[in-house]
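What follows is a short report on a single structure.
The values are calculated or read from the model by the stated rules, or taken from the named source; none is laboratory data. In this text, all values refer to a predicted model and were calculated from it rather than measured experimentally. With ideal geometry, Cβ positions are generated from the backbone for all residues, glycine too; neighbour counts draw on all protein chains shown. Heads up: the accessible areas ignore ligands, DNA and RNA and are worked out on the full protein's heavy atoms, side chains in. Shrake-Rupley method; radii C 1.70, N 1.55, O 1.52, S 1.80 Å.
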Amino acid sequence: MNRKLYVLLAVIVLASMALSACGGTATPTAPATQAPATQAPATQAPATAAATQCAPAKMGWDPTTADTGSKGMTVAFEQEPDQAVGMFSNMSFAAWIWQIFGVGPGKWDDKNNLVPYIATEIPSTANGDVSADGLTVTWKLKPCIFWSDGQPITSKDILFTWQAMMNPANNPVSRSGWNQIASIDTPDDQTAVIHFKSLYPAWPTLLDLGPNNTSGGILPAHIFQGKTGLEKDPQVHQPTWAGGPFAIKEWVAGDHMTLVRNPNYFGSPAKLDYINIKFVPDPATGLAALKTGDVDLVVNFAESDIPTLQGLASQGIKYRVDPTSDFEHLFFNLGTTAGQTINGKVVGQSDVDGFCPFQDPNVRKAIILGIDRLSFLTNYMHEDQSAFIASLWPNSYWYNTSLTPYPYDPTQAASLLDAAGYKVGSDGIRAGTCNGKPVKFSLGIETTPAQFRIDDVLHIQSDLKKIGIDIKPNHIPAGTFFGSYSEGADMPLGKFDMAIYTTGFYPDPDPTGSLDCADVPNKANPTGGNNYHLCDPQVDSLIAQGLATADPAARKKVYDQLQQYMYDKALVIPLFARANVYGYSSKLVFPPSSGWANAFWDAENFDITK
């Protein structure tokens, strides 16, 4: 991102937040609003343990037969991942496991910077690894680095990963971004030269590891070469390989996963012998285990849990709050079997039609106006008004600060629904006709069984009942709720009315894969990640404009326009900006974290004190 040349960014490092990383008290600083840095503050690789010779420490090492050791920590996960390898899962909990054992050229650190991991430095125009036209990015890997089984990690693994992601016989969660690559050259084992079809400023989201970047990371070619249907492969679900500081020893479904120190890790050896992931039904169970000392860290508390955590200091329990660019949102199934015609081509067809009235923006506005979102945020989540958001790019440089969240106005909401022809019946529920067919506003909301979502849906149900909309809650276990098209999950199949979950458009603001017509999932496109089933030519046009330049100021104008358009059309309902809330034992040495790096970006530095 050169201000004068407008060539490709040296690296997408959006310095969107200055985060505190201290335990015991949680005092998050205000998010930064400056333009992203043109390159990472330090592009040289961090120091690693020096190798005496180019050979793995233990050739043929197998984590499943390795000794667990005696020094470890136990972490409570309220959701059990559906897969271990990130690019085949929609779940944050899978992304966190992937951070512990996976590997990529770079990763995001506790300052929200992209830093080298297996690469020697981050590509940039300054070091010549990003071409002047922005179409070529070269990754240079460290020499003498190994997978956990002792096989070398090379540029061939990068090439294979791209090929695997694009192979139609495999079903990753999304091919977005990977499909922008024209070719990859591997002139030697330490060099991967990536040629893009056109300018693609979001290239750091490919290959690199991050908690909101499940498609990042690389696969070991020697494990998967010649295989297809990788989404069902045992080495994707429960790998016996790793590139990171730990490897999976065992996974007992419904109970726990144990990861042990990887002796062939190229970085500094992990300080712990093992990390035990304990699967618990809910955060309350995790909190009880934290109090008794059965777990050392609980990673997914809600913001509403902060007052409880604040009162546990005397019991040796600390907490940490990292602001993030994630958002909780309620959204509509906007799918149509007809799709849209763009440039003479029909695109964005869903397998089934969503609720017909949702195609009317005034109906969508009525539902937004009919929910007292601010009351739930302040009274239940214990958040201040700064978390009350109008768009989907919170706590970042990209947020459109000119927008004001829709207010709670049930009177206006009722008027909009009346004007649209949907009248309240004798049963208190609105009904009418849409495209000549009778419809009734008795609708489902799907989400996970997290307690704050159970309470939020009840709050929404109560509010919408006042304007003649009947809501039926449907709380689905996370592993099923976030399932893929091929697994028969409701969202990609379009078999839902509305849904709620947390996600975010970062480290890069590009929402390709989530909001574009080409990624609407259907039988012909099962890897599409557009759960909104939204296909809007103007949204597509603005997304394309956001990728047509690497200049942050120019991109900011485009994303401001996109947010304004989505706001005016009421395409989604932003509920609130999210934070990462951790509770942990005072004996745990919890390394610095951030909203982009999360807790596990440097898992080798966790430690336990007596």
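Restricting Ala414, Ala387 to those that are among the aliphatic types (A, V, I, L, M) and either touching a helix residue (DSSP H, G or I) at 6+ places or on another chain (Cβ under 6 Å) or under 25 Å from Ala302 (Cβ atoms) (or both) reduces the list to Ala387. Only a single criterion out of (1) open to solvent by less than 30 Å² (accessible area, probe 1.4 Å); (2) touching an Asp or Glu at 6+ places or on another chain (Cβ under 7 Å) is not satisfied by Thr337, namely (1). Would you point out the residue of the range 200-213, among those that are touching a helix residue (DSSP H, G or I) at 6+ places or on another chain (Cβ under 9 Å) and part of a loop (DSSP other than H, G, I, E, B), that is nearest to Trp139 (Cα to Cα)? Of everything passing the filter in the range 200-213, Leu206 is nearest to Trp139 (Cα to Cα).
List the strands (runs of 3 or more DSSP E) that sit entirely inside the range 431-475 and contain at least 3 residues that are surrounded by 15 or more Cβ atoms within 10 Å (Cβ to Cβ) and of a type outside the set (Phe, Trp, Tyr).
442-447, 470-475
Given the condition open to solvent by less than 50 Å² (accessible area, probe 1.4 Å) and closer than 30 Å to Lys466 by Cβ, answer yes or no: does some residue in the range 307-324 qualify? Taking every residue of the range 307-324 in turn, none turns out to be open to solvent by less than 50 Å² (accessible area, probe 1.4 Å) and closer than 30 Å to Lys466 by Cβ. Only one of the numbered conditions (1) open to solvent by 20 Å² or more (accessible area, probe 1.4 Å); (2) of a type outside the set (Asp, Glu); (3) in contact with a strand residue (DSSP E or B) (Cβ under 9 Å, 6 or more places away or on another chain) is not met by Ile371, and that is (1).
Results for (1) in contact (Cβ under 8 Å) with a residue 60 or more places away in the chain; (2) open to solvent by 20 Å² or more (accessible area, probe 1.4 Å); (3) within 26 Å of the chain's Cα centre (by Cα), shown as yes or no for each residue.
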position: Lys140; (1), (2), (3): no, yes, no
position: Gln151; (1), (2), (3): yes, yes, no
position: Gln163; (1), (2), (3): no, yes, yes
position: Met166; (1), (2), (3): no, yes, yes
position: Trp178; (1), (2), (3): no, no, yes
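Set side by side, the residues Thr258, Thr228, Thr240 differ, and just one is touching a residue at least 12 places away in the same chain (Cβ under 8 Å), polar (S, T, N, Q) and buried (at least 19 other Cβ atoms within 10 Å of the Cβ), which is Thr258. Counting the residues of the range 470-483 that are in contact (Cβ under 8 Å) with a residue 12 or more places away in the chain and closer than 21 Å to Phe77 by Cβ gives 8.
Does Ala302 meet the test of being surrounded by fewer than 23 Cβ atoms within 10 Å (Cβ to Cβ), more than 30 Å from Gly546 (Cα to Cα) and at pLDDT 95 or above? Taking the combined requirement at face value, the residue does not satisfy it. In the set (1) more than 22 Å from the chain's Cα centre (by Cα); (2) closer than 30 Å to Ile454 by Cβ, the condition left unmet by Asn598 is number (1). With respect to (1) open to solvent by 70 Å² or more (accessible area, probe 1.4 Å); (2) modelled with pLDDT of 95 or more; (3) within 30 Å of Gly513 (Cβ to Cβ), the lone exception for Glu487 is condition (2). Restricting Ile389, Ile317, Ile306 to residues that are aliphatic (A, V, I, L, M), farther than 23 Å from Gln564 by Cα and within 24 Å of the chain's Cα centre (by Cα) narrows the list to Ile306.
I need the full set of residues from the range 214-251 which are assigned to a strand (DSSP E or B) and of a type in the set (Lys, Arg), in order please. Lay out the reasoning, then the answer.
Taking the range 214-251 as the starting set, the residues that turn out to be assigned to a strand (DSSP E or B) are 216, 246-251.
Listed by number, the list holds a single entry, Lys249.
The residues of the range 168-187 that are under 22 Å from Trp139 (Cα atoms) and either part of a loop (DSSP other than H, G, I, E, B) or of a type in the set (Ser, Thr, Tyr) (or both), listed by number, are Arg175, Ser176, Gly177, Ser183, Thr186.
Of all residues in the range 343-366, exactly one satisfies the criterion of being farther than 20 Å from Asp490 by Cβ, of a type in the set (Gly, Ala, Ser) and touching a residue at least 24 places away in the same chain (Cβ under 8 Å), namely Ala366.
Could you list, in sequence order, all residues of the range 578-610 that are assigned to a loop (DSSP other than H, G, I, E, B), small (Gly, Ala, Ser) and crowded, with 20+ Cβ neighbours inside 10 Å?
Let us first name the residues in the range 578-610 that are assigned to a loop (DSSP other than H, G, I, E, B), namely 586-587, 590-602, 606, 609-610.
With small (Gly, Ala, Ser) added as a condition, the list becomes 586, 593-595, 597, 599.
Listed by number, the residues that qualify are Ser593, Ser594, Gly595, Ala597, Ala599.
Any residue in the range 270-291 that's without any contact (Cβ under 8 Å) to a residue 24 or more places away in the chain: show its pairings with residues that are outside any strand (DSSP E or B) and of a type in the set (A, V, I, L, M) at Cβ separation under 9 Å, as long as the two are six or more apart or on different chains. Final answer for the pair search is Ala288/Val280.
Any residue at all in the range 396-409 that is among the β-branched types (Val, Ile, Thr), open to solvent by 20 Å² or more (accessible area, probe 1.4 Å) and assigned to a helix (DSSP H, G or I)?
From the range 396-409, those among the β-branched types (Val, Ile, Thr) are 401, 404; that's our starting set.
So of that shortlist, the ones also open to solvent by 20 Å² or more (accessible area, probe 1.4 Å) come out as 401, 404.
Okay, now just the ones that are also assigned to a helix (DSSP H, G or I), so none.
Within the range 396-409, not a single residue is among the β-branched types (Val, Ile, Thr), open to solvent by 20 Å² or more (accessible area, probe 1.4 Å) and assigned to a helix (DSSP H, G or I).
Note on the range 267-283: among residues that are assigned to a strand (DSSP E or B) and among the aliphatic types (A, V, I, L, M), the one that is nearest to Phe452 (Cα to Cα) is Ile277.
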